[in-house]
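Worksheet: the structure to be examined is printed underneath.
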Amino acid sequence: MDKKNRLILALDVTDRENALRIANEVSDYVDSIKVGYPLVLGEGLGIVKELVEIAPVIADFKVADIPNTDRLICEHVFNAGAAGIITHGFTGRDSLDSCVKVANDFGTDVYVVTEMSHPGGVEFFRPVAEDIAKMAVEAGASGVVAPATRPERVKDIRKIIGEELSIISPGVGAQGGSAADVIRAGADWVIVGRSIYNSDSPAEAAKKICDEMNC
Ligand code: NUP
């Protein structure tokens, strides 16, 4: 993913018309559009094919299954045109290897969740986040997902993964995190949803976040 704006739009609206309108409005300010279950369950995987005409798409399916099922999910997602996928890591190395193998075949990216950004994200993830980050490096993932709500954890995770892997970081705005703080802590991109798509002017909201990050 080109690091121009350092901003990834989390497009969690559930209908095609709003999704395409918002994506078009913010396209100058985002490097990628993240789609997840809300939009794909609302409109089908075909929406990815439409959005890739506007910006590269990351599919946030937090893939978390046995290797064969993970492989099938990744193949569908990349055949639909996504440039990247978000997977869980707690399912173990063989499951992650399966996702990375498919991504390598397609020339796409795998981002592994380390510690989630919401308050409950510390309950079970905290003790294993660093091991998951290490595994992401060893498995050859492109990057990890780490919480903008806890920039100190982004710093910890950056130390573990080094400079080769990217950190994409949700939790800015609606969840209380600051884009500037988490970029300073070592994130490469922030992921922002509600603060942009619920705004009266998504483009202005996206521009404001970009300005905060000096991009
Ligand atoms: O730890 C995570 N936290 C998180 O919010 C991992 C995620 N993938 N996300 C996603 O980022 C979440 O599902 C949503 O799509 C986006 C954040 O949206 P918002 O809080 O900016 O609206």
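Computed from the coordinates by the stated procedures, all read-outs in this text should not be read as laboratory data. Please read these numbers as outputs of a predicted model, since none were measured by experiment. All Cβ positions, even for glycine, are placed from backbone atoms using ideal geometry, and neighbour counts span all protein chains on display.
Scanning the range 73-107 for residues that are over 11 Å from ALA59 (Cα atoms) and assigned to a loop (DSSP other than H, G, I, E, B) turns up HIS88, GLY89, PHE90, THR91, GLY92, GLY107.
ASP65 meets the conditions (1) in a loop (DSSP other than H, G, I, E, B); (2) more than 14 Å from the ligand (Cβ to nearest atom); (3) under 18 Å from the mean Cα position of the chain (by Cα); (4) of a type outside the set (A, V, I, L, M, F, W, C) in every case but one. The failed one is (3). Residue-level check: of (1) more than 19 Å from PRO202 (Cα to Cα); (2) over 17 Å from the mean Cα position of the chain (by Cα), TYR37 misses just (2). Looking only at residues in the range 123-146 that are in a loop (DSSP other than H, G, I, E, B) and away from the ligand (no atom under 14 Å from the Cβ), the one that is nearest to VAL182 (Cα to Cα) is SER142.
When SER169, SER117 are checked against the criterion of being of a type in the set (S, T, N, Q), over 26 Å from LEU72 (Cβ atoms) and either in contact with a Lys or Arg (Cβ under 7 Å, 6 or more places away or on another chain) or in a strand (DSSP E or B) (or both), a single residue qualifies: SER169.
Scanning the range 99-134 for residues that are in contact with a Ser or Thr (Cβ under 9 Å, 6 or more places away or on another chain) and either of a type in the set (Gly, Ala, Ser) or on the phi > 0 side of the Ramachandran plot (or both) gives ALA103, SER117, GLY121, ALA129, ALA133.
Which residue is nearest to the ligand (Cβ to nearest atom), if the candidates are limited to the range 85-116 and must be over 12 Å from the mean Cα position of the chain (by Cα) and within 20 Å of ARG158 (Cβ to Cβ)? Give the steps one after another, and end with the answer.
Keep residues of the range 85-116 that are over 12 Å from the mean Cα position of the chain (by Cα), which gives 89-108, 115.
Right, trim to within 20 Å of ARG158 (Cβ to Cβ) and you get 89, 96, 115.
Values: GLY89: 12, LEU96: 16, GLU115: 7 Å.
My answer is GLU115.
Are any residues in the range 52-62 touching a helix residue (DSSP H, G or I) at 6+ places or on another chain (Cβ under 6 Å) and outside any strand (DSSP E or B), and if so, which ones? Hit for the range 52-62 is ILE54, nothing else.
Residues of the range 147-203 that are of a type in the set (A, V, I, L, M), surrounded by fewer than 18 Cβ atoms within 10 Å (Cβ to Cβ) and within 12 Å of the ligand (Cβ to nearest atom): ALA174 alone.
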